[in-house]
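Quick notes on the structure that follows.
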Amino acid sequence: MKAFIVDQYKKVPLRLGETPEPGVGDRDVLVEVRAAGINPLDSKIRDGEFKLILPYRPPFVLGHDVAGTVMQVGAAVRRFKPGDEVYARPRDGRIGAFAERIAIDEADVALKPANLSMEEAAAVPLVALTAWQALVEKAKLKAGQKVLIHAGSGGVGAFAIQIAKHRGATVATTTSTANVDLVKQLGADVVVDYKTEEFDKILSGYDVVLNSLDGKTLEKSLAVLKPGGLLISISGPPDVAFARSQNLGWPVRLVLRLLSAGIRRKARGRGIDYSFLFMRADGEQLGRITSLIEDGAVSVVVDKTFPFGRLNEAMAYVDTGRAKGKVVVTVKPEGQ
Ligand SMILES: NC(=O)c1ccc[n+]([C@@H]2O[C@H](COP(=O)([O-])OP(=O)(O)OC[C@H]3O[C@@H](n4cnc5c(N)ncnc54)[C@H](OP(=O)(O)O)[C@@H]3O)[C@@H](O)[C@H]2O)c1
């Protein structure tokens, strides 16, 4: 089958080539990929930035978000059947959405929201699960609480604003002038235009901050939180709890302990809890996100769709850091 392959860890375009058909285990569903979502994580893996944490051995197929049709199921699969339209963030170690077909553990899969196209569905899993795991699972966000979501116009931010609003929280977000209207439409109550304002001079007394930006933004976010507040970062630095959850060896644990020492110390000094979150595949949670989308509580923002053959252009566009919502490739157009 055709797939986009990483031949070596390097900042070079992926190679479109032939790769063996995926093997289908007892608990796997084989999915014909109709659309695949692009994430900054794809470029980071391609460039070798995640080698220590996710040691994929080249050549391998990239791609973390998929929407498509079930072609075949393993002997132990109970929840899906051939013909089902599904979507997924396949688990780490078993990625490969930039291909014509992918075998996925059924535990990672959910039925695709009926009101979405394949392209819209492929825009959902990784970022929506990240927002859910940060705000619902970790922060246990409640009605009346105040949350600051950085980069509200990005893939994660657009879902995080809507999920936080659905929980009844007051939502502040940072964005540039061009995206102020977009984040307001998504439900943000307070919008800080980072081109003209400094969020840490304006906001205070927040319960939760979700950071997806750089270390400076992470540190400044401490000033926004009240004592007892939660600072959750998805862009680093990773902490020891994360190293433990990934079963990383002691040398890597030590490195991560040192990398996160500064922010952990500063947070502790203010009575704030710092944690790093690395999202995980979860078909059951994705099913709950399906319901939110079908109920109209959450909508999907797709910035651009590219044909499969132009996947490297799609990745380059995500790499600019300017995407509004998600970028998707159509692998098999409707009716083909
Ligand atoms: N740990 C995890 O599990 C996990 C999961 C998902 C993502 N991530 C990471 O989180 C980060 C964000 O991911 P994403 O998919 O949301 O990225 P994305 O969609 O590519 O983010 C692009 C958006 O970021 C906004 N942005 C850029 N700089 C900003 C700034 N200084 N202030 C406010 N907004 C800014 C841009 O808006 P403007 O054009 O208006 O600046 C743009 O809309 C990435 O580093 C990604 O790798 C981690």
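Select the helices (runs of 4 or more DSSP H) contained entirely in the stretch 113-176, then report the ones holding at least 2 residues which are closer than 22 Å to K195 by Cα and not assigned by TED's automatic domain parsing to the domain that holds G68. Step through it out loud before you land on a result.
Details: elements: 118-122, 125-132, 155-166.
The qualifying helices (runs of 4 or more DSSP H) are 155-166.
Going through M118, M71 one at a time, which residue ends up being among the hydrophobic types (A, V, I, L, M, F, W, C) and under 21 Å from N39 (Cα atoms)?
Details: M71 fails: under 21 Å from N39 (Cα atoms).
Going through M118, M71 in turn, just one is among the hydrophobic types (A, V, I, L, M, F, W, C) and under 21 Å from N39 (Cα atoms): M118.
Could you please give the count of residues in the stretch 61-108 that are open to solvent by less than 20 Å² (accessible area, probe 1.4 Å) and part of a strand (DSSP E or B)?
Going through the stretch 61-108 one residue at a time, the tally reaches 13.
Can you pull out the residues in the stretch 191-210 that are open to solvent by less than 70 Å² (accessible area, probe 1.4 Å), assigned to a loop (DSSP other than H, G, I, E, B) and within 14 Å of the ligand (Cβ to nearest atom)?
Across the stretch 191-210, the qualifying residue is only L203.
Filter the stretch 311-326 down to the residues that are open to solvent by less than 30 Å² (accessible area, probe 1.4 Å) and within 8 Å of the ligand (Cβ to nearest atom) and list them by number.
Our first condition is that a residue be open to solvent by less than 30 Å² (accessible area, probe 1.4 Å); within the stretch 311-326, this holds for 311, 314-315, 318, 323, 325-326.
V318, A323, G325, K326 - these are the residues of the stretch 311-326 that are open to solvent by less than 30 Å² (accessible area, probe 1.4 Å) and within 8 Å of the ligand (Cβ to nearest atom).
So for the stretch 24-36 (the condition being surrounded by 13 or more Cβ atoms within 10 Å (Cβ to Cβ), assigned by TED's automatic domain parsing to the domain that holds K81 and within 16 Å of the ligand (Cβ to nearest atom)), does at least one residue qualify?
Keep residues of the stretch 24-36 that are surrounded by 13 or more Cβ atoms within 10 Å (Cβ to Cβ), which gives 24-25, 27-36.
Filter once more, keeping what is assigned by TED's automatic domain parsing to the domain that holds K81: 24-25, 27-36.
After this cut, where a residue has to be within 16 Å of the ligand (Cβ to nearest atom) as well, the list is 36.
So far as the stretch 24-36 goes, yes, one or more of its residues are surrounded by 13 or more Cβ atoms within 10 Å (Cβ to Cβ), assigned by TED's automatic domain parsing to the domain that holds K81 and within 16 Å of the ligand (Cβ to nearest atom).
Checking G152 against (1) buried (at least 24 other Cβ atoms within 10 Å of the Cβ); (2) in contact (Cβ under 8 Å) with a residue 40 or more places away in the chain, which test does it fail?
So the condition that G152 fails would be (2).
If I filter the stretch 155-190 down to residues being over 26 Å from V328 (Cβ atoms) and open to solvent by 20 Å² or more (accessible area, probe 1.4 Å), which single residue comes out as farthest from the ligand (Cβ to nearest atom)? Before you say what the answer is, go through the steps one by one.
First, pick out the residues of the stretch 155-190 that are over 26 Å from V328 (Cβ atoms): 167-170, 172, 189-190.
With the extra rule that they be open to solvent by 20 Å² or more (accessible area, probe 1.4 Å), the set shrinks to 167-168, 170, 189-190.
On the way: R167: 19, G168: 23, T170: 19, D189: 16, V190: 14 Å.
Among those residues, the one meeting the criterion is G168.
Please state which one of F159, F199 is of a type in the set (F, W, Y), in contact with a helix residue (DSSP H, G or I) (Cβ under 9 Å, 6 or more places away or on another chain) and more than 20 Å from N39 (Cα to Cα).
The conditions single out F199.
Let's see how each residue does on (1) hydroxyl-bearing (S, T, Y); (2) over 14 Å from the mean Cα position of the chain (by Cα); (3) within 13 Å of the ligand (Cβ to nearest atom); (4) closer than 18 Å to Q285 by Cα:
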{"position": "P90", "(1), (2), (3), (4)": "no, no, no, yes"}
{"position": "R94", "(1), (2), (3), (4)": "no, yes, no, no"}
{"position": "F98", "(1), (2), (3), (4)": "no, yes, no, no"}
{"position": "L129", "(1), (2), (3), (4)": "no, no, yes, yes"}
{"position": "Q133", "(1), (2), (3), (4)": "no, no, yes, yes"}
{"position": "V136", "(1), (2), (3), (4)": "no, yes, no, yes"}
{"position": "Q145", "(1), (2), (3), (4)": "no, yes, no, no"}
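The values are calculated or read from the model by the stated rules, or taken from the named source; none is laboratory data. Because the structure is a prediction, the values reported are computed rather than measured. Using ideal geometry, Cβ is built from the backbone for each residue, glycine included, and neighbour counts are taken over all protein chains shown. Surface accessibility is based on the protein's heavy atoms, side chains included, excluding ligands, DNA and RNA. Shrake-Rupley method; radii C 1.70, N 1.55, O 1.52, S 1.80 Å.
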